[in-house]
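Visitor: Have a look at the structure that comes next, please.
The values are calculated or read from the model by the stated rules, or taken from the named source; none is laboratory data. All of these numbers come straight from a predicted model, not from anything done at the bench. For neighbour counting, all protein chains shown are included, and Cβ atoms are generated from backbone atoms with ideal geometry for every residue, glycine included. Accessible surface is based on the protein model in full, side chains and every heavy atom, while ligands, DNA and RNA are left aside. Shrake-Rupley method; radii C 1.70, N 1.55, O 1.52, S 1.80 Å.
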Amino acid sequence: YGRQKKGRPKGLFISEWTIQSDHDSVVFAFHVSRAEQAKYVTKAYKMVRKLKYVDTLGWFSLYDYPNTATNPAWGLLTYEGVAKPAFAAYANAP
């Protein structure tokens, strides 16, 4: 948490934020539906936009891992490149 030239504190850069959809994985024992993933994306960006001390919220991964029962499915696109509802939510994030 540094300072810019004019003395105003720099805002936080929150990186690698994600929420997994479809199934649990070896990384997280938690997941939501694809529709819920999109809702989380919208809510998170709305919340961060209101917080003056946060400059950026970065999504972790564009693509899911290959589709297996234990691989993470935290992308905005499937492994094959098909847009999940979260992709549109991210594109339209406030």
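Visitor: With only alpha-carbon atoms in the gyration tensor, what are the semi-axes of the equivalent ellipsoid for the chain, in Å, largest first?
Guide: Computed over the chain, the values are 29, 14, 11 Å.
Visitor: Using a Gaussian network model of the chain with C-alpha springs under 10 Å, which one of T18, T68, T42 is most mobile by mean-square fluctuation?
Guide: It is T68.
Visitor: At 1.4 Å probe size, with the rest of the protein present, what percent of the exposed accessible area of the chain is carbon and sulfur atoms?
Guide: Heavy-atom surface of the chain belonging to carbon and sulfur, 1.4 Å probe: 57 percent.
Visitor: Residues of region 51-94 with the amide nitrogen closer than 16 Å to a label point 7 Å from the Cα of V32, along Cα-to-Cβ, please.
Guide: 58-61, 73-77, 84-94
Visitor: A further question follows. Which residue, A29, A44, A73, tops the fluctuation ranking in a GNM of the chain built on C-alpha contacts under 10 Å?
Guide: Among A29, A44, A73, the largest GNM mean-square fluctuation belongs to A29.
Visitor: So if a site counts as exposed when it's one of the trypsin sites (Lys or Arg not before Pro), its DSSP state isn't H, G, I, E or B, and it has at most 13 other Cβ atoms within 10 Å, what's the longest stretch of the chain without one? Could you put the intermediate results ahead of the total?
Guide: Details: sites that count: K5, K6, K10, K52.
Longest stretch, sites excluded: 53-94.
Visitor: Measure nothing but the geometry: give the 0 to 90° angle between the long axis through the Cα atoms of 34-50 and the longest principal axis through the Cα atoms of the chain, rounded to 10°.
Guide: Value to nearest ten degrees: 0.
Visitor: Also, quick follow-up: Identify all aspartates and glutamates with a Cα-Cα distance to K10 below 19 Å; exclude those on the same chain that are fewer than 8 residues away in sequence.
Guide: Within the straight-line limit of under 19 Å, K10 reaches these aspartates and glutamates: D55.
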